[in-house]
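A.B. asks: One structure coming up, written as structure tokens, with questions to follow.
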């Protein structure tokens, strides 16, 4: 007696498969034809059985006879709900779910009675009118009874099959008309369907086919999707743990809460199961929904969206596991020996992969894009390209899932999958496409262009992602978060466009970035935008007009930003910009002057209001522009404005030091006579390489005006002069430029100054009257016969051929040093009165003391090459370094070793040279950067010694064992790197380098997290990122004060007291003979 076998005519048909047939049942229907008597009989019997001693059922016949009336109760009208409730109570007891005694004979034939009771329960799920809410409550009680039975009791295989068949019958009968009752009980009905199906562990093909047939009819019921999603998610987690060898745990399914009439809270249900069962049911449940939803799309927008969300969450399970797996694991593998040879082989393969990995014979087992798409790809691509209007939100979620998969960098990726994905993106961005789709693409493509994918740069074109970005960025009403996604994407390709020759993209990008600089108001987005601009400008060649426009646009934003975070980021960008563009655009002095002028106006306007911190950073910003573009000081109006600003800031507490420093910087000079050579750090960026490798003996030292120490190295046609004062140190390399023509008239002297910043240097043309006597003029005439016309030559490369000297000229010994002295005004009487030669021992002591206080900020960082993500071998010999890493090292400066310690300007690095043996040294007009490369020193170093107290550690992640390994280097988990700012460089297939920061937090640029750029640009951006992370803005001010104190403390004693009286002859004879 069950749902489809209850009416008298039903008994003429054979029973359903998996259901036991009994012709001796359904007695009341045979005996009574009217409902009234049957109801009365049922009421009396149910009431009597409920009250009777449970043990007074001596035989099976007694129990079966009573069940005829109890079972019939489930077919009564809902008005008889008290009888139905009593019947449920009796059956719960007989199923041994109440803890009370029950008839002993039931235990003897447990399976039989379980199946009979389940059959009787099915009668309740027939529509009959009446109070639908009461009917739903009764159905809830029955479903909970079935749940308790399946969880607490052992059921035979036959009973499980009987239960599954009955459950399908009562579910299909109730749900086919989608009535109010069906809607009310569907949440619990489907929850129990998936649970009992899994607990049954059935392999009956007929039952699975019948379930699939019913699911195709129920696919438009959202509770099917909800509960299937819960179950398949838990199974997926277990499959991942099993396949990839992580720690084994019980299967847990997290069911969502159910509202009235159930009032069931969310629960996590644990299952004791085998690995084989997990794989079997994971695959069959996945195919159950996958096949049915591909053959027939849901016709409801909410259901379609929830369905795609469910599939997307499954792919995310694989991605999250892959991205988090940085250590190996192992699990035991069970075998199922009941005719499942394919499953046994699959599990055997899993175990073999684990063993090979443990032995170091293969890469760590991790989900990859190809394997994920092999399972979910066909379904996701189908929904991503679906054009049904009600699938719009679902389509957007499917595309988003694909974007996350391809952004995961879990390669290698089959080119066929990649091409299909690129085509999907292109189709999704056609004219008229929904904003929902565009937003989902942008939101989930943050790391897409930074992934190691074949042909990924095609998405940069104007018809792909750039099109979607443009639509959002130029929309003034677009959401700030959405613009943030756009900036993240731009970060990953902005620095590549010029290198890739994408001129159309460069033009669009210029418009986008200029608009962002001028109009972006979100602090986080603004920070991204301005650092993107800084890096992007560093890649441009021949774009002077655009660079000038951006310089002014950045400076103009200073006047209308009130957010302090945005303001500080902007100042940092403006301060860094000149160093990034000066080599490509050395002749921007006019525009640089405008930048400085505007900054001065902002300082004057806001001086009473702005905090000292902001004014300090603005003054430091001015200093850096002066360093890079010194010729802007030729503008007397600008000099006057600068001095006026400094006179105001000197009066404010906290600004006196930086103001005095800048004032002396602007006014600094050697002496009173012209031509003037300004003693500013702007006259030096790097040391000439020749100076590093040449050994000079017996340098000469002169004290000028008791505030400048001049040291001269070399002789003949190669002379280096180091000038030290309170502002800092300048290095000059000089040689004479000869001409075939000569004249006896001495009018001007021409010197060549090599400035390593590779910018054009101008020497002021001025006729000098030294006021010499006739004898002195005659002596000077013998020093050199030079061309009247002055010519300055600045080479484009440090190494160049010497200019051939005419054979007609007589070259005097030591003529270049003498000429240099003359150029400095040493033949002028007033100047000579203020110049003193210093005893070498006294001078070297003073040089050493001065050089301990560098006029520049000195910043250290460590850089290590790792062969693999799991390697901690940071001491690898440089023979094993890749060509890309060696090229990067060459961009970071020149190698100095212990032999360089004797160079005075490196005295502050003596201790580090002794410790590390070799360093990579870089200097520009304002900074020194020292890189520690562990293997260069040819000595063993502990990791703590390598990273020391530096803020920044750089890791080159070569990934030799697997170019598609997604792991962050394991060395990052060492205690020594716990509080460091770590920059990770990962080479990509297309000769690009991906930059990542660890840990993830906001830092100054120009390098940014997930930025992709050509290696040619990497060194420069790395150096200035290190500087910006480590910089102390007042370091130069402190150094200035210390140097000033040192110069004032000591009286220099002249080695020759008659220098002034003997003037020219004594000086020249003593110094150079």
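Bear in mind these aren't lab numbers, they're just calculated from the coordinates by the rules spelled out. Please read these numbers as outputs of a predicted model, since none were measured by experiment. Because the Cβ atoms are built from the backbone with ideal geometry, glycine has one as well, and the counts that use them run over all protein chains shown.
A.B. asks: Expressed in whole Å with the largest first, what are the equivalent ellipsoid semi-axes of the range 401-469 derived from the C-alpha gyration tensor as the square root of 5 times each eigenvalue?
C.D. replies: The answer is 19, 12, 11 Å, longest axis first.
A.B. asks: If you rank 956, 218, 208 by fewest surrounding Cβ atoms within 10 Å, what's the result? Could you put the intermediate results ahead of the total?
C.D. replies: Values: 956 23, 218 20, 208 16.
Placing the least packed residue first, the sequence is 208, 218, 956.
A.B. asks: More than 18 Å apart: what percent of Cα pairs in the range 587-663 qualify?
C.D. replies: Percent of Cα pairs beyond 18 Å in the range 587-663: 32.
A.B. asks: For the range 949-1018, report the % of Cα-Cα distances exceeding 15 Å. Before the final figure, lay out each step's value.
C.D. replies: Details: 1285 of 2415 pairs.
More than 15 Å apart: 53 percent of the Cα pairs in the range 949-1018.
A.B. asks: Sticking with this structure for a sec: Going by how many other beta carbons lie within 10 Å of each one, how would you line up 721, 968, 205, fewest first?
C.D. replies: 205, 968, 721
A.B. asks: Counting only C-alpha contacts under 8 Å and six or more residues apart, can you give the relative contact order of the range 193-287 as a whole percent?
C.D. replies: Across the range 193-287, relative contact order equals 24 percent.
A.B. asks: By how many nm would the segment from residue 216 to residue 940 lengthen if fully extended, with 0.36 nm per residue of separation less the alpha-carbon distance?
C.D. replies: Difference between extended and current length: 253.8 nm.
A.B. asks: Place a point 7 Å from Cα of residue 560 in the direction of its Cβ. Which residues in the range 506-545 have their backbone N less than 15 Å from it?
C.D. replies: So the set is 514-522.
A.B. asks: Want the number for residue 970 to residue 371: 0.36 nm per residue separation, take away the alpha-carbon distance, what's left?
C.D. replies: 213.1 nm
A.B. asks: Starting from the alpha-carbon convex hull of the range 1-218, give the projected area averaged over all orientations, in nm². Provide the component values of the computation, followed by the final result.
C.D. replies: Details: hull surface 45.7 nm².
Average of the hull's projected areas for the range 1-218 equals 11.4 nm².
A.B. asks: On average, how much area does the Cα convex hull of the range 499-602 cover when viewed from any direction, in nm²? Provide the component values of the computation, followed by the final result.
C.D. replies: On the way: hull surface 25.2 nm².
Mean projected area of the Cα convex hull: 6.3 nm².
A.B. asks: Let me ask something else about it. Going highest first, how would you order 646-652, 993-999, 194-200 by mean Cβ packing within 10 Å?
C.D. replies: Descending mean neighbour count gives 194-200, 993-999, 646-652.
A.B. asks: Going by average Cβ density within 10 Å per residue, which order do the peptides 398-407, 278-287 take, highest to lowest?
C.D. replies: Values: 398-407: 25.5, 278-287: 18.9.
Taking the mean over residues of other Cβ atoms within 10 Å, the ranking is 398-407, 278-287.
A.B. asks: For the residue pair residue 177 and residue 257, what label-to-label distance in nm results when each label sits 7 Å from Cα along the Cα-to-beta-carbon direction?
C.D. replies: About 3.3 nm separates the two model spin labels.
A.B. asks: What is the extension gain from residue 462 to residue 40, computed as 0.36 nm multiplied by their sequence separation minus the C-alpha to C-alpha distance, in nm to one decimal? Mind showing how you got there, number by number?
C.D. replies: Details: separation 422, 0.36 × 422 = 151.92 nm, distance 8.06 nm.
The residue 462-residue 40 span can extend by a further 143.9 nm.
A.B. asks: So for each of 1002-1010, 494-502 I average, over its residues, the number of other beta carbons within 10 Å; can you give me the resulting order with the highest mean first?
C.D. replies: Working: 1002-1010: 22.9, 494-502: 19.7.
By packing density, highest mean first, the sequence is 1002-1010, 494-502.
A.B. asks: Provide the descending list of Cα extents for the range 849-1035 along its principal axes, expressed in whole angstroms.
C.D. replies: Principal extents (Cα only, largest first): 52, 34, 32 Å.
A.B. asks: What is the order of 475, 897, fewest Cβ neighbours within 10 Å to most?
C.D. replies: Ranked by crowding around the Cβ, least crowded first: 475, 897.
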